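I have placed the structure first, in the form of structure tokens, so that the comments after it can refer back to it.
The values are calculated or read from the model by the stated rules, or taken from the named source; none is laboratory data. Everything quoted here is computed from the prediction, not taken from an experiment. When we count neighbours, we look across all protein chains shown, and the Cβ atoms used for this are built from the backbone with ideal geometry, even at glycine.
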Amino acid sequence: MKWYTKVLLVLAVLLLLAVGLFWLSIQTRVSIADFLNIEKGPTADVTPSSAVTAQFAGVSTLLLSDGETTILTDGYFSRPGALQVGFGKIEPDEEDVKWGVKRLGITTLDVILVVHSHFDHAMDAPIVSKLTGAPVYGSASTANICRGLDLPEQQIRLLEENKPLQFGKFRVTPILSKHYEFPNPKVREAALGGNQEITEPLVPPVKQDAYKMGGAYTFYFEHPFGNFLLQSSAGWKEHALDSIKADLVFLGVGGLGAQTEAYQSEYFRQIVDQLAPKEVILIHWDALTGAVQEPLQGEVWLIDKLMGKTQETFDVVEREMAGRPDIFLYTLPKWEKRELFR
Ligand SMILES: [Zn+2]
């Protein structure tokens with residue numbers, strides 16, 4: 001064998017090995033066993049039809065209801081694959097959205113509230129709106145995601161900071177907060193850098209970073225049976241939650257494990273200590289990719305190592321909540337109804 005043939009052979013083997021390892025890193029999913037271990041169970045007795053309930057569909061998609069009024073947050077159902085998110089273009093999959101809406105048992109929907117305009121929150125909202133007739137409330141950027149899919153203007157509503165909205169017995173106040181700070185400078189620049197607004201109707205398929213953040217909202221829900229906060233992104237704005245207390249906090253923890261200990265602890269001080277809830281329910285800890293029909297799953301290894309840090313995130317939660325032993329800590333099972341208040 002000539003020397004250059006040997007070199008070529010070695011190079012070919014190395015290339016194959018690299019491709020194989022890359023393939024494995026986007027096929028293998030990290031464990032979420034610790035999150036599943038703290039799933040909230042059903043109540044011992046029958047839940048009254050007037051109780052405030054929640055159903056979790058992954059990330060920060062929640063169906064909230066008191067038997068009279070039904071609210072969906074985000075409505076993210078068409079999960080692109082890891083390759084598409086990393087290198088390709090993404091778009092809503094109408095069949096997946098239909099499937100998710102049906103799986104949640106949505107028959108009538110009063111409103112869709114979108115926390116911010118990244119794809120894992122806002123991408124499918126206009127499709128849900130078309131299917132149900134419910135209006136989409138979000139930022140100006142979310143409005144342009146809706147326009148890109150030709151949602152009629154009367155179904156597109158703009159959130160106004162600190163201006164409460166009334167939906168049946170739910171009073172919902174949108175509070176402008178801050179998005180999670182990605183520690184990786186490249187990811188931060190792509191997700192949060194430059195102009196964060198979507199200024200024109202966004203027509204998919206587009207690269208995932210075309211879904212600009214557009215302002216991160218926290219929603220404060222007041223209901224006669226109990227008050228709760230939906231904090232989707234693990235960021236905070238100083239004093240934004242002053243004077244607010246809640247019985248329960250839906251706490252977004254996505255990426256928290258990748259942050260510094262100072263950031264992690266400050267997040268719990270700013271949100272959990274400020275709100276002083278009896279109960280914390282973790283959200284935004286599961287995979288952004290992978291079919292909606294699958295059970296809750298961990299992110300693929302590569303994305304997890306670059307961004308998610310799922311296990312580290314759980315360890316942070318455990319460490320912080322150990323210092324707050326009076327607060328109940330849960331996750332929600334996928335799809336199943338759980339009672340929040342009665
Ligand atoms: Zn985001």
Quiz item: For region 201-250, what are the residues that are within 13 Å of the ligand (Cβ to nearest atom) and touching a helix residue (DSSP H, G or I) at 6+ places or on another chain (Cβ under 8 Å)?
Solution: Q208, D209, Y211, K212, M213, G214, G215, Q231, S232, A234, G235
Quiz item: Which residue, of D120, D96, is surrounded by fewer than 22 Cβ atoms within 10 Å (Cβ to Cβ) and either among the acidic types (D, E) or assigned to a loop (DSSP other than H, G, I, E, B) (or both)?
Solution: D96
Self-check item: Failed condition for V85, given (1) surrounded by 14 or more Cβ atoms within 10 Å (Cβ to Cβ); (2) more than 26 Å from A210 (Cβ to Cβ); (3) of a type in the set (A, V, I, L, M, F, W, C)
Solution: (2)
Exercise. For region 299-317, enumerate the residues that are under 15 Å from the mean Cα position of the chain (by Cα) and surrounded by fewer than 21 Cβ atoms within 10 Å (Cβ to Cβ).
Key: M307
Self-check item: Residues of region 256-286 satisfying the condition of being in contact with a Ser or Thr (Cβ under 9 Å, 6 or more places away or on another chain) and under 30 Å from K102 (Cα atoms)
Solution: I281, L282, I283, H284, W285, D286
Exercise. Of the numbered conditions (1) surrounded by 22 or more Cβ atoms within 10 Å (Cβ to Cβ); (2) on the phi < 0 side of the Ramachandran plot; (3) in contact (Cβ under 8 Å) with a residue 40 or more places away in the chain, S50 fails exactly one; give the number of that condition.
Key: (1)
Quiz item: Which pairs have Cβ atoms under 6 Å, sit 6 or more apart or on different chains, and link a residue in region 291-317 that is on the phi > 0 side of the Ramachandran plot to one that is buried (at least 23 other Cβ atoms within 10 Å of the Cβ)?
Solution: K309/A258
Quiz prompt | Matching residues in region 319-342 - criterion: being part of a loop (DSSP other than H, G, I, E, B), free of Cβ contacts under 8 Å to residues at least 60 places away in the same chain, of a type outside the set (D, E, K, R) and surrounded by 14 or more Cβ atoms within 10 Å (Cβ to Cβ) | solution = I327
Quiz item: Looking at region 134-153, is at least one residue without any contact (Cβ under 8 Å) to a residue 40 or more places away in the chain, outside any loop (DSSP other than H, G, I, E, B), in contact with a Ser or Thr (Cβ under 8 Å, 6 or more places away or on another chain) and more than 16 Å from the ligand (Cβ to nearest atom)?
Solution: yes
Exercise. Would you confirm whether any residue within region 263-286 is within 13 Å of the chain's Cα centre (by Cα), over 21 Å from K178 (Cβ atoms) and not hydrophobic (A, V, I, L, M, F, W, C)?
Key: yes
Exercise. Considering only region 61-78, state which residues are outside any strand (DSSP E or B), surrounded by 24 or more Cβ atoms within 10 Å (Cβ to Cβ) and not β-branched (V, I, T).
Key: D74, G75, Y76, F77
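One line per residue, one yes/no per condition, for (1) more than 23 Å from L229 (Cα to Cα); (2) away from the ligand (no atom under 16 Å from the Cβ); (3) not polar (S, T, N, Q):
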site: D273; (1), (2), (3): no, yes, yes
site: A276; (1), (2), (3): no, yes, yes
site: L282; (1), (2), (3): no, yes, yes
site: A287; (1), (2), (3): no, no, yes
site: L306; (1), (2), (3): yes, no, yes
site: F314; (1), (2), (3): no, yes, yes
site: A322; (1), (2), (3): no, yes, yes
site: F328; (1), (2), (3): no, yes, yes
site: E339; (1), (2), (3): no, yes, yes
Quiz item: Do the conditions hold for T108, that is, is it within 23 Å of L63 (Cα to Cα), assigned by TED's automatic domain parsing to the domain that holds L256 and assigned to a loop (DSSP other than H, G, I, E, B)?
Solution: yes
Quiz item: Is at least one residue of region 159-166 out of contact with any Lys or Arg (no Cβ under 8 Å at 6 or more places or on another chain), assigned to a strand (DSSP E or B) and of a type in the set (S, T, N, Q)?
Solution: yes
Practice problem: Please give the number of the condition V111 fails out of (1) over 19 Å from the mean Cα position of the chain (by Cα); (2) over 18 Å from A240 (Cβ atoms). | Solution: (1)
Practice problem: Please indicate, with yes or no, whether at least one residue in region 181-190 is away from the ligand (no atom under 11 Å from the Cβ), touching a Phe, Trp or Tyr at 6+ places or on another chain (Cβ under 6 Å), free of Cβ contacts under 8 Å to residues at least 60 places away in the same chain and over 26 Å from P126 (Cβ atoms). | Solution: yes
